[in-house]
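Q: First the structure, which I've put down as structure tokens, then a few questions once you've had a look.
The values are calculated or read from the model by the stated rules, or taken from the named source; none is laboratory data. Source: prediction; values computed, not measured. Don't worry about glycine lacking a Cβ; one is built from the backbone with ideal geometry, like all the others, and counts go over all protein chains shown.
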Amino acid sequence: MLRGIDTAVSGMLAVQRRQEALTNNLANIETPGYKKVDTTLRAFPEVLLERINDSKTSPTGNAPGFSWVGSMQQGVYAQENISSFLQGDLVTTNNPFDAAIDDRSLPLKNGQKPSAFFAVENAEGDIRYTRNGRFTVDETGQLVTAEGFKVLNNQGNPVQADPKLASSEVSINAKGELILNPDQPGKRKVVDTIGLVLIQNPNNLIKEGNGLFRLDGKKPAPMTGLPAGVQLHHKMIEKSNVDPTMTMTNMMENVRLYEANQKVLQAYDRSLELLNSIGRV
């Protein structure tokens, strides 16, 4: 009977962890470039049950016999949370420094679809990757993220600072070139090129929060030229790839699963209470 309690409890814990991931997805539905997290549930390995010391004897006759009873499941567990790197919808913002990555046309490579990311440098000087292209310019004319992290160019260095960025007309073309006064030939100036990094297997990325990912081990070099299937869209951002309808459906399903396991526990509790009362008599 206690094995049944353990199985029901494991189901409740797994569903609770999945619910936490879904809640976090729903909370970030308006976060630019956010990638939803899917929770993988797996059953514990089956246990083979054998009965020993019964009326049967072993084939040699030298040891107590045994007979096979069957197998038993030991419940379910939340194995891991996996980020989904599907392309989110692109929306217009009219912010002169916003840029959205569009890599939907990238071909599969060895059965895995690569993904392109902006490379940024945090306050400690470490490289991080993001799909959030909502950029601003700080007081030095440096292109930065909302957290103040420096945006890197196609050489792996911070985008060249230019005090005129904050006061001049700015354009970002499909190649990532940051252009001052694009419609004035006499004043037109390419300040720098926003760098993109192509991650061949984005599942190797480790989620850190604030839309940032890190990659342990060897770091990929920024692309000096964008490959076919990757382009930037100016004055646009990529929305979260969370499907609100599906997320709400999964959350309601989790509630029903949790309640079902809870009823199993309540049934075991009533049975144990009955056995305890009989024992007292």
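Q: Looking for something in contact (Cβ under 8 Å) with a residue 40 or more places away in the chain and either in contact with a Gly (Cβ under 6 Å, 6 or more places away or on another chain) or more than 26 Å from residue 34 (Cβ to Cβ) (or both) - is there at least one such residue anywhere in region 173-188?
A: no
Q: List the strands (runs of 3 or more DSSP E) that sit entirely inside region 73-190 and contain at least 1 residues that are under 27 Å from the mean Cα position of the chain (by Cα).
A: Because the criterion is at least 1 residues that are under 27 Å from the mean Cα position of the chain (by Cα), the strands (runs of 3 or more DSSP E) in region 73-190 that meet it are 76-83, 90-92, 99-102, 115-121, 127-130.
Q: Considering only residues that are without any contact (Cβ under 8 Å) to a residue 40 or more places away in the chain and surrounded by 14 or more Cβ atoms within 10 Å (Cβ to Cβ), which ones fall in region 244-266?
A: 253
Q: Answer yes or no: is there a residue in region 150-161 that is surrounded by 21 or more Cβ atoms within 10 Å (Cβ to Cβ) and within 19 Å of residue 214 (Cβ to Cβ).
A: yes
Q: In this structure, is residue 194 among the β-branched types (Val, Ile, Thr), surrounded by 18 or more Cβ atoms within 10 Å (Cβ to Cβ) and over 23 Å from residue 107 (Cα atoms)?
A: So residue 194 fails the test.
Q: Note down all Cβ pairs under 6 Å where the first residue falls in region 69-84 and is closer than 30 Å to residue 33 by Cα and surrounded by 15 or more Cβ atoms within 10 Å (Cβ to Cβ), the second is at pLDDT 70 or above and aliphatic (A, V, I, L, M), and they're at least six residues apart or on different chains.
A: Sorted first by the residue in region 69-84, then by its partner, the pairs are 77/14; 78/14; 78/41; 81/21; 81/37; 83/37.
Q: Which ones in region 189-247 are touching a Gly at 6+ places or on another chain (Cβ under 8 Å) and of a type in the set (Gly, Ala, Ser)?
A: Selection gives 195, 211, 221, 240.
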